[in-house]
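Below you'll find the structure, written out as C-alpha coordinates, and then a few comments.
The values are calculated or read from the model by the stated rules, or taken from the named source; none is laboratory data. On a predicted model such as this, the values are computed, not experimentally measured, just so you know. Glycine also receives a Cβ, built like all others from the backbone with ideal geometry; neighbour counts cover every protein chain displayed. For the accessible areas, the whole protein counts, side chains as well, though only heavy atoms, and no ligand, DNA or RNA atoms are used. Shrake-Rupley method; radii C 1.70, N 1.55, O 1.52, S 1.80 Å.
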Amino acid sequence: MKTKHLIDLEALSTEELMEIIALANDIRENPAAYAERCRGKILATLFYEPSTRTQMSFKTAMLRLGGSVIGFDNPQNSSVAKGESLKDTITVVGGYADIIAIRHSMEGTAKAASLYSAAPVINAGDGGHLHPTQTLTDVVTLYNEKGTLDNMCIGLCGDLKNGRTVHSLIKTMSHFKGNRFVLISTPELTVPQYIKDVMNASGCRYTEVSSLAEAIPMLDVLYMTRIQRERFKNYEEYEKQRGVFVLDREKMLRARPDMKILHPLPRVDEIAEDVDYDSRAKYFVQTVYGMYARMALIIKMLENADGKPMARKLSTHHIRCTNPNCITYTEEYLPHLFRPLGGDMVLCQYCEGRNLI
(Lines give C-alpha, C1' and ligand atoms only; values in the text may rest on other atoms or scores of the structure.)
Protein backbone atom coordinates (compact mmCIF):
# COMPACT_ATOMS: atom_id res chain seq x y z
CA MET A 1 0.00 0.00 0.00
CA LYS A 2 1.27 3.43 -0.94
CA THR A 3 -0.64 5.33 1.75
CA LYS A 4 0.62 5.37 5.34
CA HIS A 5 -2.74 6.31 6.91
CA LEU A 6 -6.23 5.14 5.97
CA ILE A 7 -8.53 8.10 6.46
CA ASP A 8 -10.70 7.52 3.39
CA LEU A 9 -10.85 4.42 1.21
CA GLU A 10 -10.28 6.81 -1.70
CA ALA A 11 -6.59 6.64 -0.72
CA LEU A 12 -6.46 3.09 -2.10
CA SER A 13 -6.29 2.29 -5.79
CA THR A 14 -8.72 -0.27 -7.18
CA GLU A 15 -5.80 -2.69 -7.45
CA GLU A 16 -4.88 -2.21 -3.78
CA LEU A 17 -8.48 -2.69 -2.73
CA MET A 18 -8.72 -5.96 -4.67
CA GLU A 19 -5.45 -7.11 -3.07
CA ILE A 20 -6.97 -6.56 0.38
CA ILE A 21 -10.10 -8.49 -0.61
CA ALA A 22 -7.96 -11.36 -1.91
CA LEU A 23 -5.85 -11.35 1.26
CA ALA A 24 -8.96 -11.30 3.49
CA ASN A 25 -10.30 -14.35 1.66
CA ASP A 26 -6.98 -16.16 1.95
CA ILE A 27 -6.89 -15.49 5.70
CA ARG A 28 -10.46 -16.80 5.97
CA GLU A 29 -9.51 -20.00 4.17
CA ASN A 30 -6.08 -20.46 5.81
CA PRO A 31 -6.19 -18.81 9.27
CA ALA A 32 -3.32 -20.86 10.72
CA ALA A 33 -0.94 -19.45 8.11
CA TYR A 34 -1.45 -15.94 9.54
CA ALA A 35 -1.57 -16.72 13.27
CA GLU A 36 1.90 -15.24 13.91
CA ARG A 37 1.97 -12.55 11.23
CA CYS A 38 1.80 -9.65 13.74
CA ARG A 39 3.69 -11.22 16.63
CA GLY A 40 5.38 -8.42 18.60
CA LYS A 41 3.18 -5.70 17.08
CA ILE A 42 0.76 -3.52 19.07
CA LEU A 43 -2.57 -2.06 17.95
CA ALA A 44 -3.98 0.91 19.87
CA THR A 45 -7.76 1.30 19.73
CA LEU A 46 -8.75 4.85 20.68
CA PHE A 47 -12.54 4.90 20.79
CA TYR A 48 -13.94 8.25 21.87
CA GLU A 49 -17.39 7.07 20.77
CA PRO A 50 -19.31 3.83 21.57
CA SER A 51 -18.72 0.78 19.39
CA THR A 52 -19.32 -2.96 19.52
CA ARG A 53 -18.46 -4.54 16.15
CA THR A 54 -15.76 -2.15 14.93
CA GLN A 55 -13.86 -2.10 18.20
CA MET A 56 -14.15 -5.84 18.87
CA SER A 57 -13.35 -6.83 15.30
CA PHE A 58 -10.19 -4.69 15.34
CA LYS A 59 -9.12 -6.26 18.63
CA THR A 60 -9.99 -9.77 17.47
CA ALA A 61 -8.21 -9.19 14.17
CA MET A 62 -4.97 -8.20 15.90
CA LEU A 63 -5.15 -11.02 18.43
CA ARG A 64 -5.77 -13.60 15.69
CA LEU A 65 -2.69 -12.26 13.92
CA GLY A 66 -0.62 -12.85 17.06
CA GLY A 67 -0.35 -9.19 18.08
CA SER A 68 -1.37 -7.27 21.20
CA VAL A 69 -3.89 -4.51 21.88
CA ILE A 70 -3.87 -1.39 24.06
CA GLY A 71 -6.22 1.61 24.18
CA PHE A 72 -9.49 2.83 25.64
CA ASP A 73 -13.19 2.55 24.82
CA ASN A 74 -14.24 5.44 27.04
CA PRO A 75 -12.31 8.73 26.89
CA GLN A 76 -13.39 9.48 30.46
CA ASN A 77 -11.05 6.71 31.54
CA SER A 78 -8.11 8.49 29.89
CA SER A 79 -6.35 11.83 30.16
CA VAL A 80 -8.86 13.18 27.66
CA ALA A 81 -11.07 13.68 30.74
CA LYS A 82 -8.38 16.00 32.11
CA GLY A 83 -8.40 18.12 28.99
CA GLU A 84 -5.58 16.51 26.99
CA SER A 85 -5.62 17.52 23.32
CA LEU A 86 -5.98 15.07 20.46
CA LYS A 87 -2.51 16.06 19.29
CA ASP A 88 -0.89 15.13 22.59
CA THR A 89 -2.81 11.87 22.94
CA ILE A 90 -1.89 10.78 19.42
CA THR A 91 1.75 11.83 19.75
CA VAL A 92 2.12 9.73 22.90
CA VAL A 93 0.16 6.68 21.72
CA GLY A 94 1.95 6.79 18.36
CA GLY A 95 5.15 6.15 20.29
CA TYR A 96 3.67 3.15 22.13
CA ALA A 97 1.82 1.37 19.34
CA ASP A 98 2.69 0.18 15.85
CA ILE A 99 -0.75 1.06 14.43
CA ILE A 100 -3.76 3.05 15.68
CA ALA A 101 -7.50 2.69 15.04
CA ILE A 102 -9.45 5.78 16.11
CA ARG A 103 -13.16 6.55 16.36
CA HIS A 104 -14.51 9.95 17.31
CA SER A 105 -17.78 11.88 17.18
CA MET A 106 -16.21 14.88 15.41
CA GLU A 107 -15.77 14.81 11.64
CA GLY A 108 -12.18 14.86 10.40
CA THR A 109 -10.63 13.52 13.59
CA ALA A 110 -8.70 10.72 11.90
CA LYS A 111 -7.26 13.19 9.39
CA ALA A 112 -6.20 15.44 12.27
CA ALA A 113 -4.65 12.50 14.13
CA SER A 114 -2.62 11.52 11.07
CA LEU A 115 -0.83 14.88 11.18
CA TYR A 116 0.86 13.98 14.47
CA SER A 117 1.15 10.20 14.59
CA ALA A 118 4.35 8.23 14.05
CA ALA A 119 2.21 5.10 13.69
CA PRO A 120 -0.25 4.48 10.85
CA VAL A 121 -3.75 5.76 11.66
CA ILE A 122 -6.93 3.95 10.59
CA ASN A 123 -10.19 5.86 10.57
CA ALA A 124 -12.68 3.71 12.50
CA GLY A 125 -15.45 6.30 12.04
CA ASP A 126 -15.40 10.09 12.35
CA GLY A 127 -18.79 11.50 13.26
CA GLY A 128 -21.23 11.46 10.34
CA HIS A 129 -18.40 11.67 7.82
CA LEU A 130 -16.68 8.40 6.82
CA HIS A 131 -16.15 4.80 7.94
CA PRO A 132 -13.64 3.21 5.53
CA THR A 133 -13.15 -0.10 7.35
CA GLN A 134 -16.90 -0.70 7.35
CA THR A 135 -16.75 -0.21 3.60
CA LEU A 136 -13.94 -2.77 3.44
CA THR A 137 -16.30 -5.09 5.31
CA ASP A 138 -19.05 -4.30 2.82
CA VAL A 139 -16.97 -4.89 -0.31
CA VAL A 140 -15.51 -8.16 1.01
CA THR A 141 -19.07 -9.26 1.75
CA LEU A 142 -20.38 -8.18 -1.66
CA TYR A 143 -17.50 -9.77 -3.54
CA ASN A 144 -18.10 -13.10 -1.81
CA GLU A 145 -21.90 -13.03 -1.82
CA LYS A 146 -22.47 -11.51 -5.27
CA GLY A 147 -19.28 -12.62 -7.01
CA THR A 148 -18.61 -9.13 -8.39
CA LEU A 149 -18.33 -5.45 -7.53
CA ASP A 150 -19.57 -4.28 -10.93
CA ASN A 151 -22.91 -3.62 -12.64
CA MET A 152 -25.14 -3.63 -9.58
CA CYS A 153 -28.17 -1.61 -8.57
CA ILE A 154 -27.47 -0.69 -4.96
CA GLY A 155 -30.22 0.68 -2.74
CA LEU A 156 -29.24 2.62 0.36
CA CYS A 157 -32.04 3.23 2.82
CA GLY A 158 -32.47 5.28 5.99
CA ASP A 159 -30.27 8.02 7.42
CA LEU A 160 -28.19 8.85 4.36
CA LYS A 161 -27.25 12.30 5.68
CA ASN A 162 -25.49 11.16 8.85
CA GLY A 163 -24.62 7.62 7.79
CA ARG A 164 -20.84 7.60 7.44
CA THR A 165 -21.00 3.99 6.24
CA VAL A 166 -23.25 5.09 3.38
CA HIS A 167 -20.88 7.89 2.37
CA SER A 168 -17.85 5.60 2.30
CA LEU A 169 -19.67 2.85 0.41
CA ILE A 170 -20.94 5.19 -2.32
CA LYS A 171 -17.48 6.69 -2.76
CA THR A 172 -15.89 3.27 -3.20
CA MET A 173 -18.54 1.58 -5.34
CA SER A 174 -18.60 4.60 -7.66
CA HIS A 175 -15.19 3.45 -8.93
CA PHE A 176 -16.51 0.12 -10.22
CA LYS A 177 -18.10 0.00 -13.66
CA GLY A 178 -21.82 -0.02 -14.19
CA ASN A 179 -22.93 0.52 -10.62
CA ARG A 180 -25.96 2.69 -9.97
CA PHE A 181 -27.56 3.84 -6.73
CA VAL A 182 -31.11 4.21 -5.44
CA LEU A 183 -31.10 6.61 -2.48
CA ILE A 184 -34.09 5.86 -0.25
CA SER A 185 -34.66 8.47 2.43
CA THR A 186 -36.80 11.34 3.60
CA PRO A 187 -35.91 14.75 2.11
CA GLU A 188 -34.33 15.73 5.43
CA LEU A 189 -31.96 12.76 5.46
CA THR A 190 -30.67 12.61 1.90
CA VAL A 191 -26.92 12.28 1.20
CA PRO A 192 -24.71 15.38 1.53
CA GLN A 193 -23.81 17.34 -1.58
CA TYR A 194 -20.17 16.19 -1.57
CA ILE A 195 -21.35 12.60 -2.01
CA LYS A 196 -23.55 13.62 -4.93
CA ASP A 197 -20.50 15.38 -6.35
CA VAL A 198 -18.62 12.07 -6.18
CA MET A 199 -21.35 10.22 -8.08
CA ASN A 200 -21.63 12.98 -10.66
CA ALA A 201 -17.87 13.08 -11.20
CA SER A 202 -17.68 9.31 -11.69
CA GLY A 203 -20.68 9.22 -14.02
CA CYS A 204 -22.68 6.95 -11.71
CA ARG A 205 -26.42 7.07 -12.20
CA TYR A 206 -28.50 7.62 -9.08
CA THR A 207 -32.10 8.32 -8.19
CA GLU A 208 -33.64 9.64 -4.98
CA VAL A 209 -36.90 8.06 -3.82
CA SER A 210 -38.98 8.04 -0.64
CA SER A 211 -40.56 4.55 -0.81
CA LEU A 212 -38.68 1.38 0.12
CA ALA A 213 -41.53 -0.82 -1.12
CA GLU A 214 -41.43 0.75 -4.57
CA ALA A 215 -37.64 0.64 -4.84
CA ILE A 216 -36.96 -2.89 -3.63
CA PRO A 217 -37.92 -4.84 -6.81
CA MET A 218 -35.13 -3.20 -8.82
CA LEU A 219 -32.29 -3.82 -6.33
CA ASP A 220 -29.37 -6.24 -6.42
CA VAL A 221 -28.25 -5.04 -2.99
CA LEU A 222 -30.18 -3.32 -0.22
CA TYR A 223 -28.04 -1.49 2.33
CA MET A 224 -30.24 -0.67 5.32
CA THR A 225 -29.17 1.85 7.96
CA ARG A 226 -30.63 3.03 11.25
CA ILE A 227 -31.79 6.55 11.95
CA GLN A 228 -28.88 7.87 14.01
CA ARG A 229 -30.36 9.43 17.13
CA GLU A 230 -26.96 10.66 18.35
CA ARG A 231 -26.56 12.90 15.28
CA PHE A 232 -29.80 14.84 15.84
CA LYS A 233 -29.92 18.16 17.68
CA ASN A 234 -32.91 17.08 19.75
CA TYR A 235 -35.10 14.05 20.38
CA GLU A 236 -38.15 15.60 18.70
CA GLU A 237 -36.35 15.82 15.34
CA TYR A 238 -35.26 12.20 15.70
CA GLU A 239 -38.80 11.03 16.45
CA LYS A 240 -40.06 12.60 13.22
CA GLN A 241 -37.70 10.33 11.22
CA ARG A 242 -37.79 7.18 13.34
CA GLY A 243 -39.69 4.21 11.94
CA VAL A 244 -40.29 5.69 8.47
CA PHE A 245 -38.41 2.85 6.75
CA VAL A 246 -38.85 -0.73 7.99
CA LEU A 247 -37.82 -3.83 6.03
CA ASP A 248 -40.23 -6.68 6.75
CA ARG A 249 -41.35 -9.98 5.19
CA GLU A 250 -44.06 -8.28 3.15
CA LYS A 251 -41.52 -6.05 1.40
CA MET A 252 -39.18 -9.01 0.95
CA LEU A 253 -41.85 -10.68 -1.20
CA ARG A 254 -41.25 -7.92 -3.76
CA ALA A 255 -37.45 -8.37 -3.77
CA ARG A 256 -35.36 -10.34 -6.26
CA PRO A 257 -34.46 -13.93 -5.27
CA ASP A 258 -30.74 -13.08 -5.38
CA MET A 259 -30.87 -9.69 -3.68
CA LYS A 260 -28.53 -9.35 -0.70
CA ILE A 261 -29.35 -7.35 2.44
CA LEU A 262 -26.48 -5.62 4.21
CA HIS A 263 -26.53 -3.46 7.34
CA PRO A 264 -23.54 -1.96 9.22
CA LEU A 265 -25.38 -2.57 12.53
CA PRO A 266 -26.48 -1.91 15.20
CA ARG A 267 -30.06 -2.47 14.17
CA VAL A 268 -32.81 -0.62 16.04
CA ASP A 269 -36.22 -1.05 14.39
CA GLU A 270 -35.47 -0.76 10.66
CA ILE A 271 -35.31 -4.52 9.96
CA ALA A 272 -37.98 -6.82 11.39
CA GLU A 273 -36.47 -9.81 13.17
CA ASP A 274 -38.25 -12.33 10.97
CA VAL A 275 -36.14 -11.07 8.04
CA ASP A 276 -33.11 -12.57 9.84
CA TYR A 277 -34.20 -16.03 8.67
CA ASP A 278 -34.33 -15.05 5.01
CA SER A 279 -31.34 -16.48 3.12
CA ARG A 280 -30.83 -13.08 1.49
CA ALA A 281 -30.06 -11.45 4.86
CA LYS A 282 -26.26 -11.17 5.11
CA TYR A 283 -25.76 -8.61 7.88
CA PHE A 284 -24.59 -11.07 10.54
CA VAL A 285 -22.14 -12.93 8.30
CA GLN A 286 -21.07 -9.45 7.16
CA THR A 287 -19.62 -8.86 10.64
CA VAL A 288 -17.40 -11.95 10.28
CA TYR A 289 -16.20 -10.83 6.86
CA GLY A 290 -15.31 -7.56 8.59
CA MET A 291 -12.87 -9.27 10.93
CA TYR A 292 -10.99 -10.80 8.01
CA ALA A 293 -11.06 -7.49 6.14
CA ARG A 294 -9.45 -5.73 9.11
CA MET A 295 -6.87 -8.50 9.50
CA ALA A 296 -5.86 -7.99 5.88
CA LEU A 297 -5.77 -4.21 6.29
CA ILE A 298 -3.58 -4.38 9.39
CA ILE A 299 -1.09 -6.63 7.59
CA LYS A 300 -0.94 -4.35 4.56
CA MET A 301 -0.56 -1.16 6.59
CA LEU A 302 2.16 -2.55 8.83
CA GLU A 303 4.14 -3.48 5.72
CA ASN A 304 4.26 0.24 4.91
CA ALA A 305 4.94 1.54 8.43
CA ASP A 306 8.21 3.38 9.08
CA GLY A 307 7.71 4.59 12.65
CA LYS A 308 8.06 8.28 11.73
CA PRO A 309 5.52 11.11 11.56
CA MET A 310 4.79 12.13 8.00
CA ALA A 311 6.89 15.10 6.92
CA ARG A 312 4.51 17.72 5.57
CA LYS A 313 4.54 21.43 5.07
CA LEU A 314 1.18 22.73 6.20
CA SER A 315 -0.15 26.10 5.14
CA THR A 316 -2.99 27.41 7.31
CA HIS A 317 -5.80 29.02 5.35
CA HIS A 318 -7.13 32.36 6.53
CA ILE A 319 -10.71 31.07 6.78
CA ARG A 320 -12.16 28.56 9.23
CA CYS A 321 -14.45 25.66 8.35
CA THR A 322 -18.09 26.56 8.93
CA ASN A 323 -19.15 22.98 9.77
CA PRO A 324 -19.78 22.97 13.56
CA ASN A 325 -19.11 19.20 13.65
CA CYS A 326 -15.61 19.62 12.18
CA ILE A 327 -12.74 18.65 14.49
CA THR A 328 -11.22 22.10 14.00
CA TYR A 329 -13.97 23.46 16.27
CA THR A 330 -12.80 21.51 19.32
CA GLU A 331 -9.07 21.27 18.50
CA GLU A 332 -8.46 24.92 17.67
CA TYR A 333 -4.68 24.59 17.18
CA LEU A 334 -5.20 22.53 14.02
CA PRO A 335 -4.08 24.14 10.76
CA HIS A 336 -6.96 25.21 8.52
CA LEU A 337 -6.58 22.95 5.49
CA PHE A 338 -8.69 23.40 2.36
CA ARG A 339 -8.75 22.16 -1.21
CA PRO A 340 -9.96 24.49 -3.99
CA LEU A 341 -13.20 23.52 -5.70
CA GLY A 342 -13.22 26.34 -8.22
CA GLY A 343 -14.49 29.87 -8.04
CA ASP A 344 -14.92 31.08 -4.48
CA MET A 345 -15.55 27.61 -3.03
CA VAL A 346 -13.10 25.43 -1.06
CA LEU A 347 -13.42 22.00 0.58
CA CYS A 348 -12.27 21.38 4.16
CA GLN A 349 -9.67 18.60 4.11
CA TYR A 350 -10.84 17.31 7.49
CA CYS A 351 -14.62 17.02 7.14
CA GLU A 352 -15.14 17.71 3.39
CA GLY A 353 -17.47 20.57 4.23
CA ARG A 354 -17.97 23.21 1.52
CA ASN A 355 -16.86 26.72 2.44
CA LEU A 356 -16.96 30.10 0.74
CA ILE A 357 -13.72 32.06 0.65
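Of all the listed residues (THR186, THR137, THR207, THR190), the sole one being open to solvent by 50 Å² or more (accessible area, probe 1.4 Å), of a type in the set (Val, Ile, Thr) and in contact (Cβ under 8 Å) with a residue 12 or more places away in the chain is THR207.
Is there a residue in the range 294-312 that is of a type outside the set (A, V, I, L, M, F, W, C), touching a helix residue (DSSP H, G or I) at 6+ places or on another chain (Cβ under 7 Å), touching a residue at least 24 places away in the same chain (Cβ under 8 Å) and over 30 Å from ASP88 (Cα atoms)? Checking the range 294-312: not a single residue is of a type outside the set (A, V, I, L, M, F, W, C), touching a helix residue (DSSP H, G or I) at 6+ places or on another chain (Cβ under 7 Å), touching a residue at least 24 places away in the same chain (Cβ under 8 Å) and over 30 Å from ASP88 (Cα atoms). Considered as a group, the residues in the range 254-271 that are at pLDDT 95 or above and part of a loop (DSSP other than H, G, I, E, B) include one that is surrounded by the most Cβ atoms within 10 Å (Cβ to Cβ), and that residue is HIS263.
If you go through the range 29-60 and pick out every residue that is over 16 Å from ALA293 (Cα atoms) and either open to solvent by less than 20 Å² (accessible area, probe 1.4 Å) or assigned to a loop (DSSP other than H, G, I, E, B) (or both), you end up with 13.
Being open to solvent by 30 Å² or more (accessible area, probe 1.4 Å), of a type in the set (Lys, Arg) and at pLDDT 95 or above is a description that applies to LYS251.
Of all residues in the range 86-130, exactly one satisfies the criterion of being out of contact with any helix residue (DSSP H, G or I) (no Cβ under 7 Å at 6 or more places or on another chain), open to solvent by 30 Å² or more (accessible area, probe 1.4 Å) and outside any helix (DSSP H, G or I), namely SER105.
Picking from VAL346, VAL285, which residue would you name as being assigned to a helix (DSSP H, G or I) and either surrounded by 14 or more Cβ atoms within 10 Å (Cβ to Cβ) or touching a residue at least 60 places away in the same chain (Cβ under 8 Å) (or both)? Result: VAL285 is the single residue among VAL346, VAL285 that is assigned to a helix (DSSP H, G or I) and either surrounded by 14 or more Cβ atoms within 10 Å (Cβ to Cβ) or touching a residue at least 60 places away in the same chain (Cβ under 8 Å) (or both). Residue count for the range 324-343 under the criterion of being open to solvent by 40 Å² or more (accessible area, probe 1.4 Å), assigned to a loop (DSSP other than H, G, I, E, B) and touching a residue at least 40 places away in the same chain (Cβ under 8 Å): the result is 3. Residues in the range 110-130: is at least one small (Gly, Ala, Ser), out of contact with any Asp or Glu (no Cβ under 9 Å at 6 or more places or on another chain) and under 27 Å from VAL244 (Cα atoms)? Within the range 110-130 (the criterion being small (Gly, Ala, Ser), out of contact with any Asp or Glu (no Cβ under 9 Å at 6 or more places or on another chain) and under 27 Å from VAL244 (Cα atoms)), the answer is no, since none of the residues qualifies.
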